[in-house]
1. Between rounded, prolate and oblate, where does region A:225-282 land on the alpha carbon gyration tensor, with a ≥ b ≥ c its root eigenvalues, rounded for a/c under 1.5, else prolate if a/b exceeds b/c?
2. Please compute, for the alpha-carbon atoms of region A:1-114, the extent along each of the three principal axes and give them in descending order in Å.
3. Quick one: work out the % antiparallel among DSSP beta bridges in chain A, nearest 5.
4. Carbon and sulfur atoms: what percent of the 1.4 Å accessible area of chain A do they account for?
5. In nm, to one decimal, how far is the A:Tyr15 label point from the B:Tyr188 one, both placed 7 Å along Cα→Cβ?
6. Over region A:225-282, average the accessible area per residue using a 1.4 Å probe and give it in Å², no decimals.
7. Under a 1.4 angstrom probe, counting protein chains only, how are B:Trp9, B:Trp20, A:Trp100, A:Trp169 ranked by accessible area, largest first?
8. Checking buried surface per residue: for region B:76-106, which residues lose a minimum of 30 Å² accessible area in the protein assembly relative to the chain alone (1.4 Å probe)?
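The values are calculated or read from the model by the stated rules, or taken from the named source; none is laboratory data. Small disclaimer: the values here were computed from a predicted structure and weren't measured. Quick reminder, even Gly has a Cβ in these numbers, built from the backbone with ideal geometry, and neighbours come from all protein chains shown. Ligands, DNA and RNA are excluded from the accessible area calculation, which covers all protein heavy atoms including side chains. Shrake-Rupley method; radii C 1.70, N 1.55, O 1.52, S 1.80 Å.
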Amino acid sequence: MSAPGIVVAGLRKRYGATLALDGMSFTVRPGVVTGFVGPNGAGKSTTMRVILGLDAVDEGTALIEGKPYHSLRHPLSHVGSLLDAAALHPSRSARNHLLWLAHSQGLAARRVDQVIEQVGLTSAARRKAGGYSLGMRQRLGIAAALLGDPPVIMLDEPFNGMDPDGIIWMRGFLRSLAAQGRAVLVSSHLMSEVQDTAAHLVVAGRGKAIADAGVADLIAAASGGRVALRTTAGAHAMRVLAHAGATVAATGRDTITVSGLPADRIVMLLSESAVPFSEVSAHRATLEDVYQELTREAVEFRAATPTEVPR
Amino acid sequence: MRPALHAEWTKLRTVAGPLWLLLGMIAATVALSAGATSVVTCTSADCGGDVTRLSLTGVQLGQAMVAILAVLVISGEYSSGMIRTTLTAMPHRATAFAAKAITLTGVVAVAGTTAVLGSLLAGRLILHRHGFTAAPGHPALSLSDGPTLRATAGSILYLTLIALLSLGIAAIVRDSATSIGIILGLLYLLPILSQVIGNPHGQRLLQQIGPMSAGLAIQATTNLHSLPLSPWAGLGVTAGWAAATLVAGGLLLRVRDA
């Protein structure tokens, strides 16, 4: 499979006065889980609806293995998707829900039983889906996404409503799908949900991708060569290091973050000035830090009223 | 097209609602028809009246349940959000919509045939007991009678056209309650409105354009010249309504975001 799973290029869409998508572009490659994160309203769900041909865009293209969605003959064998786990008829059984989907793709009922087993719903398959918990509906939605054994999988907030066991199951499941060589796109408004699963991240904010990079690269960039220092003589240490040209900030009662100086030079300076310290370590940003940093502007923008905010 | 039809058929048969609505439609149609024929008696020769039409009265009630079923076929999916699943599985929207229309037509035609033939049979039995016998000049209702056959087949067609008209309106409006309100208004309010209008020209015009008042002309077997429209022209008006709403609904389904 050489054509990338999903290629989104320059999507632009306006709903009345709001610009939902403002040049959204990214690529989802096979073999890894790509996390699609961003605050609510950043355009994640709209982008997914556009990829599936449900919403039309004013500009831009979204291609599945090089083709627009509506040109796919049996689309579920190209992309499996889960947008809204509640979108089903409450009095139809889970198995029958999957059955009509299978029939729409010319698939046999045997395939339905396979995916039901894969997501662990066999014992509940003949119950009405309306009685399912949200976590069970998510599993049913995943089963629907797997129905056509597609090379591309796209899930919108699949962790919503899942209990801790379900979340662990989902993470392992997503990783195994990627390990099978599929392109997997998973959206979430919580970074913590995707941080152990995704190897690649697309961070959305205000209708565009504000970052599209590997998780390791993002963390390295956010760490930015900073050094964490633990000392009981904080004020003294800050004076010494600032004098040597470093940027210093107190980050806790006895911790200081230093940037602009390598760790060995900091140790030397503190020793020369007889400043006591107990720990010097390279600061390592968490994905949460990366996310906060990247989306700060987008969140502020949404929190503010359209008129000038008094400070 | 075949997978889409298979999918829509599976959807219809895997929930209880459609079956109950169709059974209810048959029961309501036959019951009202039987009720209408049981209140007339004939003691002399030449009782007059259109007994075929009378035995098919129940269609006026049965059509409401057909309309509700048709609305739910598409609006029900909008209210749950399942329409997105449907259009993701069948991105060719015209095909998806046509598959809905065809399966709906099929089940309504089968249930409609049962309901209409049941009404006719009930009418035949009841009328015979109420003095409409061959002796005073009232042969039993029979499909071998040309006008009765036309009224019967036309009533079945009428029910399927009401189903398609309702599907079209529901595709335009998308909300179940609003769609049902509009359809019932179109069917039942227009005839009432035409009664309260004083102007005979306006009255006649309303009867000619109302999907029910025009379409049910197909049930008339006597005094055809006094009808606002000839039977087939009347059914043609209903067909026009169905075609127009289906086309509008289909086009909107194609251009709107799901």
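1. Here region A:225-282 falls in the rounded category.
2. Computed over the Cα atoms, the extents are 43, 37, 25 Å.
3. Antiparallel bridges: around 65 percent, rounded to the nearest 5.
4. Using a 1.4 Å probe with all protein chains present, chain A comes out at 52 percent carbon and sulfur.
5. 3.6 nm
6. 57 Å²
7. Most to least solvent-accessible, the answer reads B:Trp20, B:Trp9, A:Trp169, A:Trp100.
8. Buried on complex formation: B:Ser80, B:Met82, B:Arg84, B:Thr85, B:Thr88, B:Ala89, B:Pro91, B:Arg93.
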